[in-house]
Amino acid sequence: MEVRPTFSLGSLSQVIENLGYTPVVLKESTDYEKAVYTETRNDLKRIGVAGAVAANQMLFSVPLYAGLTGEMALIFRWIAFVLFLPLIFYSAVPFYKKAWVSLLLRRVNVDLMIVIALWAGFLFSTYSLVLGSDDLYFDSTASFIFLILLTRFWIKRHQNQLMQKNIFADLFMNEVYEEFKQTSEILDIKKSYWPFNKISLGQVLKIKQNQLIPCDATLKSQACDIDLSFLTGEAYPVKKHQADLILAGSRLL
């Protein structure tokens with residue numbers, strides 16, 4: 001595995017912007033705290049709207065489930081439709097952004113599936129409402145979105161707490177990495193070992209099984225399986241091939 005050179009902040013910002021996000025440079029800890037506060041406030045607003053929509057959807061659905069019919073039932077159904085609009089056009093915006101990123105990367109992620117389920121439920125319920133049918137799913141869909149937003153908010157808060165503890169400073173402290181040196185087209189049989197903070201650009205490292213990758217690097221072997229759960233939360237191994245980028249914090253399986 002060969003250590004990769006870094007690239008410019010401008011290139012990174014351009015990539016982030018192409019994915020639909022606005023990069024912001026945080027110069028001081030106060031800037032970070034302000035950004036976290038603003039993001040948390042926006043998340044709570046979306047959760048609050050989604051929770052209010054879900055609660056009122058359930059409230060207006062109880063009479064319908066109890067057998068309400070006639071003109072009053074029709075009014076309740078249209079109220080449910082109107083109440084659902086703030087959720088789909090405001091609270092669900094984060095899902096749209098991540099779904100758009102997955103389309104740009106030509107990959108299918110969970111957010112794309114959530115968006116499809118959300119709009120399928122909304123369009124089918126609206127179609128049923130126009131036809132006068134009882135097959136409405138505004139209440140269940142609203143509850144579904146509210147619970148996902150609430151769960152992701154809790155996970156994000158937990159991640160922020162871990163980042164504030166600066167766990168990356170201690171992540172590789174107990175790791176020692178073996179280096180191979182190229183001499184006369186033959187790998188030198190003499191081995192040298194380095195702590196993570198002494199690794200430099202151009203070194204070729206031999207990563208052992210279950211060892212963490214200390215820096216962004218290029219794979220020199222034919223193929224390997226890595227664990228990205230620390231970075232992405234994804235539990236399944238990811239196959240990497242020769243010349244692929246391996247991110248720091250990945251674990252070799």
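The values are calculated or read from the model by the stated rules, or taken from the named source; none is laboratory data. Because the structure is a prediction, the values reported are computed rather than measured. Glycine gets a Cβ as well: all are built from the backbone with ideal geometry, and neighbour counts include every protein chain shown. Calculation scope for accessible area: heavy atoms of the full protein, side chains included, ligands and nucleic acids excluded. Shrake-Rupley method; radii C 1.70, N 1.55, O 1.52, S 1.80 Å.
Quick notes
- Solvent-accessible area assigned to carbon and sulfur over the stretch 40-113 amounts to 70 percent, based on a 1.4 Å probe.
- Solvent exposure of the chain, expressed per residue, is 65 Å² of accessible area, with all protein chains present and a 1.4 angstrom probe.
- Fully extended contour minus Cα-Cα distance, from Phe89 to Asn109, at 0.36 nm per residue: 5.2 nm
- Two-site FRET efficiency, Arg152 against Tyr193, from Cβ-Cβ distance with R₀ of 45 Å, rounded to 0.05: 0.65
- Rounded if a/c under 1.5, otherwise prolate or oblate - the stretch 100-158, Cα gyration tensor axes: oblate
- Between Asp31 and Ala117, residue separation times 0.36 nm minus the direct Cα-Cα distance comes to 27.3 nm.
- Dipole of the stretch 6-164, positive end: most advanced residue of Asn56, Ile155, Ala66 [Cβ charges, Cα centre]: Ile155
- Separation of the Asn174 and Gln242 label points, Cα + 7 Å toward Cβ, nm: 3.5
- Given [x] 60; [y] 43; [z] 46, the label whose value is percent of Cα pairs over 25 Å apart derived from this model: [x]
- Cross-link pairs Lys191/Lys239; Lys34/Lys208; Lys156/Lys206; Lys191/Lys240; Lys97/Lys239; Lys181/Lys240 - those with Cα-Cα distance over 31 Å: Lys34/Lys208; Lys156/Lys206
- By average C-beta atoms within 10 angstrom, highest first, the peptides 128-138, 206-216: 206-216, 128-138
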